[in-house]
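Below is one structure, written out as structure tokens; comments come after it.
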Amino acid sequence: MRMMLLVAALAVGLVGGAAPASATRIGNEGCTPGYWKQAQHFDSWEEYSPSTTLASVFTLPAYFASSEYGDDTFLEALNYGGGSGLTSKARQLLRAAVAAFLNAASEDVGYPYRRFSDPGNMLASVNSALASQNQTTITNLKDDLDAKNNLGCPLD
């Protein structure tokens, strides 16, 4: 009987260990968009690639998806600049959000937020802010993510 329990426990452990990679560290570290967009740091990207499209991760509202930016990649988003107006504010949020997602996906960065669950649930927060079409809401989340992305990068 003990042997059967041991075999069952090992089987559960092996099946459980087959889950997709997901960073589990929570801390006070974060790398900036400027870090992530450099070609020499692409080997630090986990679970995403520079060619990952924004639309494959985020729910882009019509005002953004129908713009010239609708098919942009993570790398293109990391290069977004500033500006005023709703689309510019959305670009600024997505720049910070992409860096935040790369930070949270990395096993080597102790980022304070998670992508799909608490604390932070960044996907829900980013999608909600973009859907609000409220520039203040979008800017406030961008500022928060930007502050977290500037906590200090442990990667070289």
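Scan segment 35-44 residue by residue and report those that are free of Cβ contacts under 8 Å to residues at least 24 places away in the same chain, of a type outside the set (A, V, I, L, M) and either surrounded by 15 or more Cβ atoms within 10 Å (Cβ to Cβ) or assigned to a helix (DSSP H, G or I) (or both).
Of all residues in segment 35-44, those free of Cβ contacts under 8 Å to residues at least 24 places away in the same chain come to 38-40, 42-43.
Then keep just the ones that are of a type outside the set (A, V, I, L, M); that gives 38, 40, 42-43.
Selection gives Gln40, Phe42, Asp43.
Residues considered: Thr59, Thr87. Of these, the only one that is in contact with a Ser or Thr (Cβ under 6 Å, 6 or more places away or on another chain), of a type outside the set (D, E, K, R), surrounded by fewer than 17 Cβ atoms within 10 Å (Cβ to Cβ) and farther than 22 Å from Glu107 by Cα is Thr87. Comparison of Ser67, Ser51 shows that the only residue that is small (Gly, Ala, Ser) and touching a helix residue (DSSP H, G or I) at 6+ places or on another chain (Cβ under 6 Å) is Ser67.
Filtered by the rule that a residue be in contact with a helix residue (DSSP H, G or I) (Cβ under 7 Å, 6 or more places away or on another chain) and at pLDDT 95 or above, segment 19-48 gives Gly30, Cys31, Thr32, Pro33, Tyr35, Trp36, Lys37, His41, Trp45, Glu46, Glu47, Tyr48. Scanning segment 113-139 for residues that are over 12 Å from Leu94 (Cβ atoms), in contact (Cβ under 8 Å) with a residue 12 or more places away in the chain, among the aliphatic types (A, V, I, L, M) and out of contact with any Pro (no Cβ under 8 Å at 6 or more places or on another chain) gives a single hit, Leu123.
If the requirement is being under 24 Å from Ile26 (Cα atoms), modelled with pLDDT of 95 or more and loosely packed, with under 14 Cβ neighbours inside 10 Å, which of these qualifies: Asn140, Asn134, Asn127? Even if it seems obvious, please write down each step before you answer.
On the way: Asn134 fails: under 24 Å from Ile26 (Cα atoms); Asn127 fails: loosely packed, with under 14 Cβ neighbours inside 10 Å.
Result: Asn140 is the single residue among Asn140, Asn134, Asn127 that is under 24 Å from Ile26 (Cα atoms), modelled with pLDDT of 95 or more and loosely packed, with under 14 Cβ neighbours inside 10 Å.
Does Val57 count as hydrophobic (A, V, I, L, M, F, W, C), touching a residue at least 24 places away in the same chain (Cβ under 8 Å) and farther than 24 Å from Gly152 by Cα?
Numbers: hydrophobic (A, V, I, L, M, F, W, C): yes; touching a residue at least 24 places away in the same chain (Cβ under 8 Å): yes; farther than 24 Å from Gly152 by Cα: yes.
Against the criterion (hydrophobic (A, V, I, L, M, F, W, C), touching a residue at least 24 places away in the same chain (Cβ under 8 Å) and farther than 24 Å from Gly152 by Cα), Val57 qualifies.
Looking across segment 77-104, the residues that are out of contact with any Leu (no Cβ under 8 Å at 6 or more places or on another chain), farther than 13 Å from Val57 by Cα and part of a helix (DSSP H, G or I) come down to Leu78, Leu86, Thr87, Ser88, Lys89, Arg91, Gln92, Asn103, Ala104.
Scanning segment 90-120 for residues that are among the aliphatic types (A, V, I, L, M) and over 23 Å from Asp43 (Cα atoms), we see that the one that is surrounded by the fewest Cβ atoms within 10 Å (Cβ to Cβ) is Ala90. Evaluating Tyr69 against the criteria (1) farther than 19 Å from Gly30 by Cα; (2) in a loop (DSSP other than H, G, I, E, B); (3) modelled with pLDDT of 95 or more; (4) hydroxyl-bearing (Ser, Thr, Tyr) leaves one unmet condition, (3).
When each of Glu76, Glu47, Glu68 is tested for being on the phi > 0 side of the Ramachandran plot and either crowded, with 16+ Cβ neighbours inside 10 Å or of a type in the set (D, E, K, R) (or both), the lone residue that passes is Glu47.
The values are calculated or read from the model by the stated rules, or taken from the named source; none is laboratory data. Predicted model, so just to flag it, every value in this text is computed and none were measured. Counting neighbours? That spans all protein chains shown, and the Cβs are built from the backbone with ideal geometry, glycine included.
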